[in-house]
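This report concerns only the one structure given below.
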Amino acid sequence: MNPHIPTIRDPITEITFWSRFGGAFCLLSPLLLFLAFFYVVPFANLIQESFRLTSLDGQVSDSLTLHQYIKTLSSSRIARVMERTFSMSVLTVVITLLLSYPIALLMIRIKSTPRTIILLVIFISLASSLIVRNYGWVVVLSDKGALNAFLQAIGLIQEPLRMMYSKVAIVIALVHFSIPSMVLPIYGSLLRQPRSLTEASLSLGGNSWQTFRKITLPLSLPGVFGGTVLTFALSMSAYVTPLMLGSPSSSMISQVAAEQLLVQLNFPYGSAIIVTLTVLTFILVAFYATILRRVFRADV
């Protein structure tokens, strides 16, 4: 091409490009600005803070070091709490999925009126305060609460069960909190499936279980992926629920980070714990997505 010949711009190509991506950018720009201001900038400050060194008198030096990360990764307490947080989060994801998938499947197969009622209940649950819901579980799970009273009334137990301030109470509250985040993505994935595929499977001799296992479930894996990732992220970063319903022996990693930031005022160490938790969560989610793509051939 002769460098002295000016390049002719094609207005049709520019208009087509803008019509395809310009509208999407305008719609996403408020969200991108919100994320940049309230997430990217604070998290960048946390990363910067995590590389600083705290002296014995509490002063923070300007020199950058990996000391806080070495301290985090070598701490036996952090390892125990991180393992506890991971196991409780995985248990929460499994229970929430087992409870939510039948609800989403039921919403697809019932009429519009009961479906609307279920969606209304889910949205009301999303709108209710987390603290109010946790106080509700305090009333239900306490030694003289509704659940123990019911179990004693039907003769299953003689003495009240100790459920409050334990891992059981935390997992129950986390499952209750996460069910809407699991139901809605699965319901959206099921809603996009053509009914003709199910009808074709049944007409070709497949029973309901075969149709579900070979058609409905594989096609709903993107929704399952979205719901499980949301539930896992919410559980890994939970702070209020384990603080209200748990005990020191069932504390989660967010409580340890909050203790360093708010009580000990050790901002570099607390920042290193939060950054480590965030990076670990992203690694686990990426590993989970890889398994779904390669093993289950899911489009996630």
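The values are calculated or read from the model by the stated rules, or taken from the named source; none is laboratory data. Since the model is a prediction, treat every value here as computed from it, not as a measurement. Quick reminder, even Gly has a Cβ in these numbers, built from the backbone with ideal geometry, and neighbours come from all protein chains shown.
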- Going by the structure shown, is V94 surrounded by 11 or more Cβ atoms within 10 Å (Cβ to Cβ) and either polar (S, T, N, Q) or within 29 Å of M244 (Cα to Cα) (or both)? yes
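For region 41-146, give me every one of the helices (runs of 4 or more DSSP H) that falls completely inside it and has 2 or more residues that are closer than 30 Å to G227 by Cα and aliphatic (A, V, I, L, M). I'd like the intermediate steps shown before the answer.
Values: elements: 41-50, 67-74, 76-109, 112-127, 130-141.
Output list reads 41-50, 76-109, 112-127, 130-141.
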- Going through region 142-181 one residue at a time, which ones are aromatic (F, W, Y) and either surrounded by 18 or more Cβ atoms within 10 Å (Cβ to Cβ) or within 29 Å of the chain's Cα centre (by Cα) (or both)? Y165, F177
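Let's see how each residue does on (1) more than 24 Å from T278 (Cα to Cα); (2) modelled with pLDDT under 90; (3) exposed (fewer than 10 other Cβ atoms within 10 Å of the Cβ):
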| residue | (1), (2), (3) |
| --- | --- |
| N2 | yes, yes, yes |
| W18 | yes, yes, no |
| F25 | yes, yes, no |
| A44 | no, no, no |
| L53 | no, yes, no |
| L56 | yes, yes, yes |
| Q59 | yes, yes, yes |
- Residues that are over 26 Å from L234 (Cβ atoms), out of contact with any Lys or Arg (no Cβ under 9 Å at 6 or more places or on another chain) and not charged (D, E, K, R), drawn from region 120-172: N148, A149, F150, L151, Q152, A153, I154, G155, L156, I157, Q158, L161
- Query: (1) closer than 28 Å to R80 by Cα; (2) loosely packed, with under 15 Cβ neighbours inside 10 Å; (3) among the aliphatic types (A, V, I, L, M); (4) touching a helix residue (DSSP H, G or I) at 6+ places or on another chain (Cβ under 6 Å): which one isn't true of L262, the others all being true?
  - Reply: (4)
- Of (1) part of a helix (DSSP H, G or I); (2) in contact (Cβ under 8 Å) with a residue 60 or more places away in the chain; (3) among the aliphatic types (A, V, I, L, M), M164 satisfies every one except (1)
- Task: Kindly indicate which of L126, L141, L99 is in contact with a helix residue (DSSP H, G or I) (Cβ under 6 Å, 6 or more places away or on another chain), aliphatic (A, V, I, L, M) and more than 26 Å from S249 (Cβ to Cβ).
- Result: L126
- Segments classed as helices (runs of 4 or more DSSP H), wholly inside region 182-300, with at least 2 members that are within 14 Å of the chain's Cα centre (by Cα): 221-236, 267-294
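Residue by residue, here is whether (1) within 24 Å of L161 (Cβ to Cβ); (2) of a type in the set (S, T, Y); (3) modelled with pLDDT of 95 or more holds:
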| residue | (1), (2), (3) |
| --- | --- |
| V93 | no, no, yes |
| L99 | yes, no, yes |
| I103 | no, no, yes |
| T116 | no, yes, no |
| S129 | no, yes, no |
| G136 | yes, no, no |
- Task: Could you please tell me which pairs satisfy a Cβ distance under 9 Å, a separation of 6+ or placement on different chains, a first residue in region 187-199 that is surrounded by 12 or more Cβ atoms within 10 Å (Cβ to Cβ), and a second residue that is at pLDDT 95 or above and of a type in the set (V, I, T)?
- Result: Y187/I103; S189/V224
- Item | Within region 101-114, considering residues that are under 17 Å from S181 (Cα atoms) and without any contact (Cβ under 8 Å) to a residue 60 or more places away in the chain, the one surrounded by the fewest Cβ atoms within 10 Å (Cβ to Cβ) | P102
